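The values are calculated or read from the model by the stated rules, or taken from the named source; none is laboratory data. Computed from a predicted model, the values in this text were never measured in an experiment. Cβ sites come from the backbone with ideal geometry, for glycine too, and all protein chains shown count toward neighbours. Just the protein is used for accessible areas: all its heavy atoms, side chains included, with ligands, DNA and RNA removed. Shrake-Rupley method; radii C 1.70, N 1.55, O 1.52, S 1.80 Å.
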Amino acid sequence: MTADAVRGVNTALEQYSQWQEAKQAMGSSQPKTSVLYDVAASPYIDLESPFTLWEGVKMALLLPTVPLRLCICVTSIILVAVANSIAIAGCDLSQPLPGWRRRMVELSSQTASGACLRAVGFWNPRVVNYHNYFKGQRMGAIGIFNHVSYLDAFVVVWAFCCAGVTFNFSKHLPILGYGVRALQNLYVPEHKDKACQQQGMVALIKERASNPAMPMLSVAPEGTLSNGRCLLRFKTGAFVAGAPVVPILLRYKLSPFNPSWTIIIPLWHLLRLMCQLSNAVTVEMLPPYIPSAEEKADPVLYAANIR
């Protein structure tokens, strides 16, 4: 986004702010202050991935490969749905899967996720300090990762086939839902009262953290996506159980094209991603962190210290 475009966005936001103030002023005599949104410093906007002449050349060269890459992704998703459906047939997913079934889920899920990543240009994803994952798993720890891109789910499943926290509709998605259920995710309770919904989610996380025989739970405590250049404030849901955590850093190559999910046009963003000569991501697993008594008693403190 150019400087002129940034000024244009600021102008539009200022006009919208003035319009809102005019509406509110009809019923109030209190003075209002116009506040512009700092687009350049926003963690939700990326200004450093312009569509340059070189980007256009790459797109012209690689565009013919996009249909094949999409076919690889779709085929991988169909195959993992079939394999995982066979693996979990007749199983109670609230309990640990038998060993061979869990290994089948891991093999199919990690292979399919790796195929999808490579199909969109992540030719050589890397994992650093994998041994920390096994340490955390033995301790019943929760994985904590920074949420950057719509690709994060593929990355963490490829890296260590964890369970996640997602919405209930995901297990009912056509084809993909069959593969998702086998990961033994936690699903956000459906409740009109947000407070009750949060309490229900906290109870599910505490229950999962108390059972190290289940797949490691992996949570993005930021609760939303950013441009990958900072960490947003952590929400406390993953920390209320007072369980140890394994901090996991997802490091994407942000230049010349940032794969993060910011304010974007989704299909255009995916097309540009697939027309890069090479994308890169490294998954770094830090040593398990055991909370102190003070942190166990105060999830806000625990979250802040991990961040």
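Some points to look at:
- Taking (1) in contact (Cβ under 8 Å) with a residue 60 or more places away in the chain; (2) buried (at least 21 other Cβ atoms within 10 Å of the Cβ) in turn, W123 satisfies each apart from (2).
- Residues of segment 217-234 that are modelled with pLDDT of 85 or more and buried (at least 19 other Cβ atoms within 10 Å of the Cβ): L217, S218, V219, A220, P221, E222, F234.
- Residue in segment 185-198 that is touching a residue at least 40 places away in the same chain (Cβ under 8 Å) and not basic (K, R) present: no
- In the set (1) open to solvent by 30 Å² or more (accessible area, probe 1.4 Å); (2) over 30 Å from H269 (Cβ atoms), the condition left unmet by E48 is number (2).
- Among residues of segment 199-228 that are at positive phi, those with a beta-carbon under 6 Å from a residue that is outside any strand (DSSP E or B) and open to solvent by less than 10 Å² (accessible area, probe 1.4 Å) at least six positions away or on a different chain give the pairs G228/V148; G228/S260.
- Residues satisfying the stated conditions in segment 160-204, i.e. at pLDDT 80 or above and more than 21 Å from I88 (Cβ to Cβ): A203
- Taking the criterion of being aromatic (F, W, Y) and over 24 Å from L301 (Cβ atoms), the residues of segment 231-286 that qualify are Y252, F257, W261, W268.
- When P259, P291 are checked against the criterion of being in contact (Cβ under 8 Å) with a residue 24 or more places away in the chain and either under 20 Å from V148 (Cβ atoms) or surrounded by fewer than 19 Cβ atoms within 10 Å (Cβ to Cβ) (or both), P259 stands alone in meeting it.
- Residue list for segment 235-248, restricted to those being open to solvent by less than 30 Å² (accessible area, probe 1.4 Å) and assigned to a loop (DSSP other than H, G, I, E, B): G237, A238, F239, G242, A243, P244
- Helices (runs of 4 or more DSSP H) contained in segment 260-307 and holding at least 3 residues in contact with an Asp or Glu (Cβ under 7 Å, 6 or more places away or on another chain) and of a type outside the set (V, I, T): 299-306
- Exactly one residue out of F134, F154 is more than 22 Å from E207 (Cβ to Cβ), under 10 Å from the mean Cα position of the chain (by Cα), part of a helix (DSSP H, G or I) and of a type outside the set (A, V, I, L, M): that is F154.
- Positions within segment 51-71 being of a type in the set (A, V, I, L, M, F, W, C), without any contact (Cβ under 8 Å) to a residue 60 or more places away in the chain and open to solvent by less than 70 Å² (accessible area, probe 1.4 Å), in sequence order: V57
- Against the test of being surrounded by fewer than 22 Cβ atoms within 10 Å (Cβ to Cβ) and either among the small types (G, A, S) or part of a strand (DSSP E or B) (or both), the options G143, G114 yield a single qualifying residue, G114.
- Unmet criterion (only one of (1) touching a residue at least 24 places away in the same chain (Cβ under 8 Å); (2) of a type outside the set (V, I, T); (3) assigned to a strand (DSSP E or B); (4) open to solvent by less than 60 Å² (accessible area, probe 1.4 Å)) for R251: (4)
- When residues of segment 194-213 are limited to those that are aliphatic (A, V, I, L, M) and surrounded by 20 or more Cβ atoms within 10 Å (Cβ to Cβ), the one farthest from N132 (Cα to Cα): I205
- Some residue of segment 159-167 being part of a helix (DSSP H, G or I) and more than 13 Å from the chain's Cα centre (by Cα): yes
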